[in-house]
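Asker: This structure is in structure tokens; I'll ask about it shortly.
The values are calculated or read from the model by the stated rules, or taken from the named source; none is laboratory data. If you're wondering where the values come from, they're calculated on a predicted model, not measured in any experiment. All Cβ positions, even for glycine, are placed from backbone atoms using ideal geometry, and neighbour counts span all protein chains on display.
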Amino acid sequence: MREATTASAIPPEAGFDRLCEELSRRAPGEWELYRKSGESLDLQATAAARVTIARREEGWAARWWERGAPLFASGSSPENLERALAEVSRIQTSKEPSPAWPTAKSPERKTHGAIEPPPDLFEELQRQVAAESRGEARLQRLTLRRGASAERIVNGRGLDVFLGGELLDGHAFAIGRKGSRACEASVVFRWDQGPDLESLARRLADRATLPLSDKPAPMDRGEWLLEPSVGAALLSGLTPLFCRDALPKWVHRAELFAPLVRIADDASADALYDGEGTQTRRVAVVEGGTLAARLHDLLSARRAGAPPTGHGVRTSYRVPPAPGPRRIFLEADAPVPPRELLSRVRRGLFASALTAAARLDFERDRYEAEFTGIAVIGGRAQGPVAGARARGRISQLLRRISGLSTDRQFFPMPYPAGAPTLLVERVDFD
Amino acid sequence: MELDAVAVARWLESLAKRPEEIADVFTERRREVTVAWRDGEIREARESFTEGLSARWRGLSGERLVFVSRCDEEAARQAVRAVQKEIGLSPLPVKPSRAREESAGPAWLDTDRWVKRLSALFARHAPRHRFRWTLSDVTRQVIPARGAASVFARRLMSVQGTFTAASRRGDETRDFSFHAPAAESTAEELRVMLTRAGQPRDAAVPCGEGETDVVLAAGCAAVLFHEILSHPLEAGAESPLSGLQQARLAPAEVDVRDDATRLDLFGGYERDDEGAAPLAVKLLDTGRLSGRLTDRAHATARIPSNGHARRAGPQDPPLPRGSNVLVAAGRSTADEMLRRLSSGLWIEEIDGGSVELASGRFRLRFPHARRVRRGKRADECSAGVLSGEILTVLRSIDPGIGREVHAYRALAWCARGGQVVPVQGAAPDLLVRGFSVRPVL
């Protein structure tokens with residue numbers, strides 16, 4: 001979410017004081033109260049009709065340590081939260097030390113006035129998908145959502161911070177057809193800098209038409225060139241490694257990735273605080289190929305005896321915060337243009353889109369990624385590959401990354417994950 | 001607390017003047033308690049109480065929906081006003097806001113009793129575990145512009161997680177998933193399932209790659225039919241089944257229906273999310289393609305709604321969706337099924353599935369299987385994926401079908417268009433010839 005900057009003040013916090021008092025009574029100094037209000041407008045367009053959805057939602061959540069045991073309650077109003085809070089406290093959970101609560105204070109955020117409806121881009125995207133696919137793919141549905149939210153977090157140690165943001169994201173669905181064969185393409189996207197139809201149309205066209213070629217991978221081993229969306233999906237699959245308490249046995253911190261790889265998480269452009277009120281900062285998770293840091297929320301930091309890193313993530317007001325990435329990305333000291341990476345491929349495959357979610361088994365050090373793409377020999381495209389599978393050891397995949405390009409893009413996973421075109425050497429395909 | 005249906009229906013009148021127009025107000029109150037255990041200790045407890053409503057209009061040119069996270073008459077009026085403005089009608093006059101009505105909320109969830117029961121059950125049958133139990137109580141009200149309003153409630157529970165089971169090669173961590181309406185008999189059913197899931201297994205070998213005959217046993221054939229019949233037969237879906245009405249697609253012994261009236265299954269309901277009473281819909285009738293799953297938006301004079309409009313919540317418009325897929329019993333015993341299979345795979349669990357409607361290709365993931373050689377159970381096999389194409393697989397079903405129908409309690413949630421709704425199914429053992437199989441991680 002981009003920072004909100006204008007318009008009216010946050011609505012009066014009805015019920016906030018009453019809830020703070022109740023939590024202070026139950027767990028003096030060991031509580032946190034969260035409130036979120038959000039508004040969004042969806043436009044779902046098909047060739048035949050338009051569906052609009054306006055949502056205005058409010059959510060409240062509390063977390064507290066009552067008699068040394070943690071509890072969590074949420075509700076769609078202060079009254080509902082009070083009810084949930086009274087009922088859940090009848091369950092006796094096992095005791096656990098509370099975290100070191102943050103104590104920051106921020107000025108009250110300004111929220112937006114009425115949000116603008118998202119633009120109707122169906123016809124334009126339809127034209128671009130048809131052009132990119134030479135008429136083989138047709139856009140079926142485009143959903144665009146524009147939303148804004150305001151959050152407030154308070155705790156029993158004096159924290160009182162305000163967050164706000166706005167968002168333009170969506171989902172597009174196309175079908176490619178060639179003779180009697182058909183293939184679906186479904187792409188989720190998020191536009192931080194306004195609509196980018198060209199890249200969306202290309203992704204839809206590739207995903208919908210490349211599998212129609214019916215051609216298998218012409219090689220069983222070679223270089224693997226990953227389009228940024230594929231690289232971002234793999235990066236997202238790897239993030240449990242950056243958040244877990246115990247690392248798998250095969251992980252050697254010092255040589256986890258190839259030395260040219262750097263992975264950082266930095267959401268400071270999106271929000272000054274995380275979902276628990278810890279200040280956002282840049283964390284270099286992987287530096288020079290070495291696993292350098294973990295992403296912590298308050299509880300995981302307390303358990304690890306480390307300071308929190310500002311990665312307490314609330315995926316919804318209905319669930320407690322948990323450690324996770326907020327804006328994670330791959331970068332390199334000396335990235336090269338994508339063309340140069342392509343020219344380095346002697347014999348390999350370009351993965352244009354994943355055809356199923358990548359599977360990573362951290363216990364057994366194995367991965368598997370199914371994709372559609374293009375065969376490349378001597379740096380030149382040879383023709384489409386309908387479906388191929390890259391598989392092997394995660395540890396080898398990470399150490400064999402041999403190039404990162406300059407074309408980094410972010411994709412919703414649902415948090416923003418950024419990757420450029422990546423080149424990996426000596427990959428097994430089938 | 002219910003809304004005054006007569007007053008709200010009156011507000012909606014102007015939105016449904018033409019016969020093709022649909023307008024309604026939909027409310028939901030949801031209370032959900034989640035408890036997480038680890039090795040007998042309760043590590044986490046949380047409770048959520050949410051409510052919301054939406055007003056909707058649907059006409060020839062499209063659909064408008066306005067959602068607010070409140071559930072009182074003032075909120076309903078606001079939502080109806082917003083929809084009226086959206087489609088260019090003069091909105092209801094603004095009423096001075098009153099003190100907010102206190103909603104009573106659904107009855108107490110009986111959490112204490114469940115927590116005690118489950119603690120004892122887990123301690124006895126799976127002492128080393130990480131389980132998460134969720135009990136949800138959902139009450140919905142639909143007030144249409146035309147027709148009677150309805151109120152309906154469901155109480156569902158889920159247990160998911162992992163536990164350590166003894167196997168012949170030592171301890172191993174296994175996944176467990178159980179979803180059912182919360183009833184007196186549910187705890188006993190859970191106990192039986194947990195005991196079965198913990199039975200010793202041999203060391204697994206990879207399941208091999210290629211074409212093989214497969215028996216889908218213990219009810220898991222429900223997942224296959226959910227993917228290859230329920231989804232393609234949702235009204236408005238384009239798939240290889242489109243235009244094949246009444247065509248013979250499978251042996252005459254195969255009867256499959258979608259039945260939301262089975263309230264003993266996770267996907268059942270008394271009223272759909274447009275307020276219509278659901279009907280059991282024959283999807284395959286003696287092997288012939290039969291009905292489709294419809295809602296009011298996709299109903300025609302010839303094919304009215306059969307009560308399959310479903311929403312994930314009030315924030316979403318309804319879509320025609322499946323509920324409980326039921327496969328009729330045949331006559332074969334488990335031994336006869338083994339003999340008919342002769343050589344192939346015997347699968348009792350499917351933990352995920354997907355279908356691509358445009359091409360008709362689908363895939364089902366199984367966490368483990370048993371190889372069968374010459375009609376006898378042989379090696380334990382590790383996880384794999386079954387894949388195929390809808391029409392080919394329907395043709396490849398063997399007419400010898402098991403005689404006992406089992407509810408498949410691991411099938412529970414179905415996602416489409418970002419909306420997740422509860423589903424389930426029950427099926428006898430089913431033999432499919434020439435399934436494409438390959439091992440996965």
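Asker: Quick one: in segment A:108-125, of everything that is part of a loop (DSSP other than H, G, I, E, B) and within 14 Å of chain B (Cβ to nearest Cβ), which residue is farthest from the chain's Cα centre (by Cα)?
Answerer: Top of the filtered list is A:114.
Asker: Any residue at all in segment A:180-194 that's more than 30 Å from residue A:273 (Cβ to Cβ), buried (at least 23 other Cβ atoms within 10 Å of the Cβ) and in contact with a strand residue (DSSP E or B) (Cβ under 9 Å, 6 or more places away or on another chain)?
Answerer: Yes, segment A:180-194 contains a residue that is more than 30 Å from residue A:273 (Cβ to Cβ), buried (at least 23 other Cβ atoms within 10 Å of the Cβ) and in contact with a strand residue (DSSP E or B) (Cβ under 9 Å, 6 or more places away or on another chain).
Asker: If you don't mind, another one. Of (1) within 14 Å of another protein chain (Cβ to nearest Cβ); (2) touching a Phe, Trp or Tyr at 6+ places or on another chain (Cβ under 9 Å); (3) modelled with pLDDT of 95 or more; (4) closer than 30 Å to residue A:298 by Cα, residue A:157 satisfies all except one. Which?
Answerer: (1)
Asker: Test residue A:166 against the criterion of being closer than 30 Å to residue A:209 by Cα, in the same structural domain as residue A:183 (by TED's automatic domain parsing) and acidic (Asp, Glu), and give yes or no.
Answerer: Answer is no for this residue.
Asker: Could you tell me whether any residue of segment B:296-311 is at pLDDT 95 or above and at positive phi?
Answerer: Yes, some residue in segment B:296-311 is at pLDDT 95 or above and at positive phi.
Asker: So which strands (runs of 3 or more DSSP E) stay within segment B:376-441 end to end and still have 1 or more residues that are among the aromatic types (Phe, Trp, Tyr)?
Answerer: Here the list reads B:413-416, B:430-439.
Asker: Hey, another quick one. Just one of A:234, A:256, A:291, A:299 is buried (at least 18 other Cβ atoms within 10 Å of the Cβ) and within 17 Å of the chain's Cα centre (by Cα); which is it?
Answerer: Unique residue meeting the criteria: A:234.
Asker: Another question, if that's okay. One residue is enough: does segment B:22-29 have a residue meeting the conditions of a type in the set (Lys, Arg), surrounded by fewer than 22 Cβ atoms within 10 Å (Cβ to Cβ) and over 30 Å from residue B:163 (Cβ atoms)?
Answerer: The answer is no; no qualifying residue exists.
Asker: Looking at (1) more than 8 Å from every other protein chain (Cβ to nearest Cβ); (2) touching a helix residue (DSSP H, G or I) at 6+ places or on another chain (Cβ under 7 Å); (3) among the charged types (D, E, K, R), find the lone condition where residue A:105 falls short.
Answerer: (2)
Asker: Working only within segment A:15-67, note down all residues that are of a type in the set (Lys, Arg) and either farther than 25 Å from residue B:64 by Cα or under 27 Å from the mean Cα position of the chain (by Cα) (or both).
Answerer: A:18, A:25, A:26, A:35, A:36, A:55, A:56, A:63, A:67, listed by residue number.
Asker: Ok, one more. Is there a residue being under 18 Å from the mean Cα position of the chain (by Cα), within 14 Å of another protein chain (Cβ to nearest Cβ) and either within 26 Å of residue A:394 (Cα to Cα) or modelled with pLDDT of 95 or more (or both) anywhere in segment A:214-229?
Answerer: no
Asker: Still on this structure, please answer the following. So for segment B:381-404 (the condition being touching a Cys at 6+ places or on another chain (Cβ under 9 Å) and among the charged types (D, E, K, R)), does at least one residue qualify?
Answerer: no
Asker: Sort out which residues of segment A:126-148 are more than 27 Å from the chain's Cα centre (by Cα) and either part of a strand (DSSP E or B) or outside the structural domain of residue A:186 (by TED's automatic domain parsing) (or both), and write them in order of number.
Answerer: A:137, A:138
Asker: Okay, moving on. Which residues, counting only those in segment B:336-365, are of a type in the set (A, V, I, L, M, F, W, C), touching a strand residue (DSSP E or B) at 6+ places or on another chain (Cβ under 6 Å) and within 14 Å of chain A (Cβ to nearest Cβ)?
Answerer: Residues satisfying the conditions are B:355, B:358, B:362, B:364.
Asker: I'd like the full set of residues that are in contact with a helix residue (DSSP H, G or I) (Cβ under 6 Å, 6 or more places away or on another chain), of a type outside the set (Val, Ile, Thr) and within 7 Å of chain A (Cβ to nearest Cβ), limited to segment B:49-80.
Answerer: The answer is B:49, B:64.
Asker: Can you name the residue in segment A:401-417 that is touching a Leu at 6+ places or on another chain (Cβ under 9 Å) and surrounded by fewer than 22 Cβ atoms within 10 Å (Cβ to Cβ) and, of all such residues, is nearest to residue A:357 (Cα to Cα)?
Answerer: A:413
Asker: Considering only residues that are assigned to a strand (DSSP E or B) and more than 9 Å from every other protein chain (Cβ to nearest Cβ), look in segment A:46-62 and name the one that is farthest from residue B:315 (Cα to Cα).
Answerer: A:62
Asker: Considering only segment A:287-385, give the strands (runs of 3 or more DSSP E) lying wholly within it that have at least 3 residues that are within 14 Å of chain B (Cβ to nearest Cβ).
Answerer: Hits in segment A:287-385: A:359-361, A:366-377.
Asker: I've got another one for you. Could you list, in sequence order, all residues of segment A:397-418 that are closer than 13 Å to residue A:223 by Cα and either among the polar types (S, T, N, Q) or not assigned by TED's automatic domain parsing to the domain that holds residue A:222 (or both)?
Answerer: Across segment A:397-418, the qualifying residue is only A:402.
Asker: Now a separate question. When the residues of segment A:63-77 are filtered to those that are surrounded by fewer than 24 Cβ atoms within 10 Å (Cβ to Cβ) and either at the interface with another protein chain (Cβ under 9 Å from one of its Cβ atoms) or touching a residue at least 60 places away in the same chain (Cβ under 8 Å) (or both), which remaining residue is farthest from residue B:32 (Cα to Cα)?
Answerer: A:69
Asker: Could you tell me whether residue B:380 is acidic (Asp, Glu) and at pLDDT 95 or above?
Answerer: no
Asker: Something else now. Sort out which residues of segment A:303-322 are surrounded by fewer than 24 Cβ atoms within 10 Å (Cβ to Cβ) and touching a His at 6+ places or on another chain (Cβ under 7 Å), and write them in order of number.
Answerer: A:304, A:306
Asker: Related question: Which of the residues belonging to segment A:78-102 are more than 7 Å from chain B (Cβ to nearest Cβ) and either part of a strand (DSSP E or B) or among the small types (Gly, Ala, Ser) (or both)?
Answerer: Within segment A:78-102, A:86, A:89, A:98, A:100 qualify.
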